[in-house]
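Visitor: Handing you this structure, nothing more for now.
The values are calculated or read from the model by the stated rules, or taken from the named source; none is laboratory data. Bear in mind that the values here come from a model prediction, so they are computed numbers and not experimental data. Quick reminder, even Gly has a Cβ in these numbers, built from the backbone with ideal geometry, and neighbours come from all protein chains shown. Remember, those area values only see protein heavy atoms, side chains included, never the ligands or the DNA or RNA. Shrake-Rupley method; radii C 1.70, N 1.55, O 1.52, S 1.80 Å.
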Amino acid sequence: MNTLLHLALLLAPLTDPRSSVVVIGSGGGVVIDTRGYVVTCLHVVGEAPGAVVRTFGDQVYLGRVLARDEEAELAMLWLDAPGRRFVPLRLTDRPPRVLEPVTVIGHPKGFDWTVSAGRVTALGRSISFSERGKLHGLLQCDANINPGNSGGAVLDRAGRLAGLPVAIREGATNLGFVIPAAALRRFLDTHLPK
């Protein structure tokens, strides 16, 4: 479990990396490459040029936003850590199934490194998402997802990255939505430097 938790990150967007930290939002992210590339939800970083990134072991890095994809609701950061090799979380290789168990790791309501468990309850959901329109092809799950979980890790039973929590249905209980690994893979194929 410790190994997985080191892969979740707390993001606090900056107005300028040289200035004092101004928190305008927070959520999680996942290391997806040994060179320090991190994937998260776009609304976690917003328009900020970078983020302060804190690991489970309380190591702090400055992350620069390198890519944003509004349609996919995804962003990629690069951690400025010369010489450091990170341990990435592997994406799952198989499509999810309804009733498959999942584990969500995030920072709901400011409670860092919170773990909740649930099951995939539906596939291929579409939801309205802010002023940007709709998100399509989402997983639905009944694990506890709250504000602050966005961009964190949703793990399958093998401990692989099944997706990123992106939204909840206001007023509903245990009705969360997840960007699936297949969408992450498409984003990485386009934006991850070779």
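Visitor: Any idea what the relative contact order of region 53-151 is, in percent, if you count C-alpha pairs under 8 Å spaced at least 6 apart?
Guide: The value is 21 percent.
Visitor: For region 22-103, compute Rg over Rh where Rg is the Cα radius of gyration and Rh is the Kirkwood radius from the inverse mean 1/r over Cα pairs.
Guide: That ratio is 1.00, to two decimals.
Visitor: Next question. Mind checking the angle between helix 181-191 and the chain's longest principal axis? C-alpha axes, 0 to 90 degrees, to the nearest 10.
Guide: 30
Visitor: Non-local amide H neighbours of Ala153 (under 5 Å, H modeled in plane, Pro and chain starts lacking H): which ones?
Guide: Amide H to amide H, under 5 Å and 5 or more residues apart or across chains, Ala153 pairs with Ile105.
Visitor: In addition: Relative contact order (percent) for the chain, with alpha-carbon contacts under 8 angstrom and 6 or more residues of separation?
Guide: 19 percent.
Visitor: Measuring from label point to label point, each 7 Å out along Cα→Cβ, what is the Arg186 to Val87 span in nm?
Guide: In this crude spin-label approximation the distance works out to 3.2 nm.
Visitor: Just the number please: accessible area per residue for the chain, 1.4 Å probe, all protein chains included, in Å².
Guide: Result: 48 Å² per residue.
Visitor: Shifting gears a bit: Could you compute the longest span of the chain free of chymotrypsin sites (Phe, Trp or Tyr not before Pro) located in DSSP loops and having at most 15 other Cβ atoms within 10 Å, not counting the site residues?
Guide: Looking at the chain, 1-110 is the longest stretch - no exposed chymotrypsin sites (Phe, Trp or Tyr not before Pro) with at most 15 other Cβ atoms within 10 Å.
Visitor: Quantify how much of the Cα-Cα distance distribution of region 96-194 extends past 19 Å, in percent.
Guide: 38
Visitor: What nm distance separates the two modelled labels at Arg169 and Asp112, each placed 7 Å from Cα along Cα→Cβ?
Guide: The two pseudo-label positions are separated by 3.4 nm.
Visitor: Quick check: at a probe of 1.4 Å, how many percent of the accessible area of the chain sits on carbon and sulfur atoms?
Guide: Of all accessible area on the chain, carbon and sulfur atoms account for 52 percent.
Visitor: Dipole size in debye (nearest 20) for the chain around its Cα centre, Lys and Arg Cβ +1, Asp and Glu Cβ -1?
Guide: 460
Visitor: If you don't mind, another one. Positive end of the dipole of the chain, charges at C-beta (+1 Lys, Arg; -1 Asp, Glu), about the Cα centre: which of Gly27, Gly171, Val102 has its Cα farthest in that direction?
Guide: My answer, from the dipole projection, is Val102.
Visitor: Tell me, what is the percent relative contact order of region 86-135, built from C-alpha pairs under 8 Å that lie six or more residues apart?
Guide: 29
Visitor: When the Kirkwood hydrodynamic radius is evaluated over all pairs of different C-alpha atoms of region 136-194, what value in angstrom, to one decimal, is obtained?
Guide: 12.1
Visitor: Still on this structure: Under the 0.36 nm per residue contour assumption, what length would be gained going from the current alpha-carbon distance of Ser126 and Leu62 to full extension?
Guide: 19.7 nm is the gain from fully extending Ser126 to Leu62.
Visitor: Could I ask something else about it? What are the principal axis extents of the Cα atoms in the chain, in Å, biggest first?
Guide: 44, 35, 33
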